[in-house]
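Student: Take a look at this one; I'll ask things after.
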Amino acid sequence: MSMLNKKTIEDIEVTGKRVLVRCDFNVPLKDGVITDENRLVGALPTIKYLMEKGAKVILCSHLGKPKGEPKPELSLAPVAKRLSEMLNKEVVFVADDNVVGENAKSAVENMKDGDVILLQNTRYRKEETKNEESFSKELASLAEIFVNDAFGTAHRAHCSTVGVTNFVETSVCGYLIQKELKFLGEAVETPARPFVAILGGAKVSDKINVINNLLEKVDTLIIGGGMAYTFLKAQGYEIGTSLLEEDKMEYSKEMIEKAKAKGVKLLLPVDHVTGEKFDKDTTPVVTEDENIKDGFMGLDIGPKTAKIYADAVKEAKTVVWNGPMGVFEFENFAKGTIEVAKAMAESDATTVIGGGDSAAAVNQLGFGDKMTHISTGGGASLEFLEGKELPGIVALNDK
Ligand code: AMP
């Protein structure tokens with residue numbers, strides 16, 4: 001795939017150059033305080049490398065959805081402050097409501113080699129999410145080199161991820177994107193086998209293309225979570241009041257047929273933990289088999305299923321996981337997700353977590369450092385698993 005052959009910061013000369021780095025500083029904020037620093041930590045290797053090489057490092061990112069206008073509560077100022085502490089060097093924050101206004105230009109002019117500045121939230125500008133040429137050119141005017149290290153927005157063609165690459169001399173990826181491409185790319189394109197993919201989460205409709213694409217690649221496809229019920233119903237089982245997407249039943253049947261034709265083992269739940277209500281206090285009732293009684297909904301995979309899924313993980317050499325096995329936010333219905341996470345944590349296989357809810361679940365459960373790779377981009381890793389090309393990566397220079 002063309003996405004796997006992109007130049008990195010190590011392939012180019014950066015000393016003394018002005019380097020614009022698109023980071024993913026879209027961090028959760030509460031009363032101006034950053035409540036989860038993972039994304040800042042993830043950005044440090046690229047920033048440190050460029051500082052040490054004596055580049056002039058100009059950082060930019062979006063934060064939340066200011067919808068094209070300045071919103072003080074979505075200013076990146078707290079990020080600059082925290083980054084300064086983490087890097088042990090002042091990261092100058094450029095409070096410029098135009099992002100690339102007079103303040104930004106003079107801040108860049110005053111930079112010395114090894115200095116770091118952070119521009120204001122790129123989504124203060126309405127052109128950003130439309131990938132309009134004017135703002136792309138303004139961003140590019142600040143630097144000779146563009147580095148994309150924001151995997152979380154690589155699936156979006158915006159000024160600061162795609163447009164800017166048309167107006168700088170060189171565009172390469174940073175360490176974070178390089179790492180994402182290595183682990184996601186190798187898992188999907190050249191996996192050690194058996195290759196097992198585990199898909200869960202709420203809806204079939206969110207994962208249609210992922211299922212279809214992964215059936216071309218995996219040895220075993222495991223389905224859990226809310227989306228499993230549409231598959232079960234399509235095979236004639238009783239599913240009570242569980243999540244059902246009737247318009248996806250036909251598709252589910254096709255996928256079951258496709259799995260057979262490809263010789264892929266497709267695993268569906270053989271029992272469930274059910275409840276009468278979608279409520280954390282509803283009494284958990286384990287079913288005997290695939291069928292769910294009237295008035296009950298499946299909220300987690302059952303113990304027999306969890307064992308089958310964990311065994312499949314144990315036999316695997318590569319495991320990719322996206323989406324929880326049940327409503328893991330409710331303690332009584334988290335066990336299936338925990339068992340799968342545990343099996344992955346204990347396995348010697350290459351284990352890749354595809355961002356979003358499953359990444360949050362794995363981190364919450366304390367298994368984070370036991371996985372080979374946890375993707376930092378929910379939407380981006382999903383599109384990657386769909387086999388799509390990510391515009392923010394395609395736009396970078398090839399090796
Ligand atoms: P996704 O964003 O598609 O990965 O979906 C994650 C969400 O799916 C989580 O918030 C889960 O609570 C929810 N979910 C998982 N299993 C079920 C289920 N059996 N019924 C309803 N929601 C579920």
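The values are calculated or read from the model by the stated rules, or taken from the named source; none is laboratory data. As the structure is a prediction and not an experimental result, all values here were calculated from the model. No Cβ is skipped: glycine too gets one built from the backbone with ideal geometry, and neighbour counts run over all protein chains shown. SASA here: full protein model, heavy atoms, side chains in, ligands and nucleic acids out. Shrake-Rupley method; radii C 1.70, N 1.55, O 1.52, S 1.80 Å.
Student: Sorted from largest down, what three extents in whole angstroms do the Cα atoms of the stretch 1-84 have along their principal axes?
Tutor: 40, 33, 24
Student: Do you know the Lys pair count in the stretch 104-180 for C-alpha distances under 24 Å, with sequence separation 8 or more or different chains?
Tutor: 5
Student: Give me the net charge of residue 208's neighbourhood, meaning all other residues with Cβ under 13 Å from the Cβ of residue 208; Lys, Arg count +1, Asp, Glu -1.
Tutor: -2
Student: Right, another one. From zero up to wherever the largest Cα-Cα distance of the stretch 263-318 sits, split into 10 Å bins and tell me the percent of pairs in each.
Tutor: Final binned percentages: 24, 42, 24, 10, 0.
Student: Another one. Charges only on Cβ, +1 for Lys and Arg, -1 for Asp and Glu: so what's the dipole of the chain about the Cα centre, in debye to the nearest 20?
Tutor: 620 debye
Student: Would you mind computing, in nm to one decimal, how far apart the modelled labels at residue 189 and residue 85 are, each placed 7 Å from Cα along Cα→Cβ?
Tutor: 4.0 nm
Student: Next up: Lys and Arg at +1, Asp and Glu at -1: add these up for the other residues within a Cβ distance under 12 Å of residue 387 and post the number.
Tutor: That sum, taken over residues with Cβ under 12 Å, equals -3.
Student: Can you give the angle from 0 to 90° between the axis of helix 249-262 and the longest principal axis of the chain, with both taken from C-alpha atoms, to the nearest 10?
Tutor: 90 degrees
Student: Could you order the peptides 223-234, 336-347 from most to least packed, using the average number of other C-beta atoms within 10 Å per residue?
Tutor: 223-234, 336-347
Student: Next question. Once the Cα atoms of the chain are picked out, what are the Rg and Dmax in Å?
Tutor: Cα-based Rg and Dmax for the chain come out at 22.9, 71 Å.
Student: Using heavy-atom solvent-accessible surface (probe 1.4 Å) with all chains present, what is the largest-first order of 24, 289, 31?
Tutor: 31, 289, 24
Student: Carbon and sulfur together cover what percent of the accessible area of the stretch 151-222 at a 1.4 Å probe radius?
Tutor: Ligands and nucleic acids excluded, carbon and sulfur reach 44 percent.
Student: Determine, from the Cβ-Cβ distance of residue 36 and residue 113 and an R0 of 30 Å, the FRET efficiency 1/(1 + (r/R0)^6), rounded to the nearest 0.05.
Tutor: 0.40
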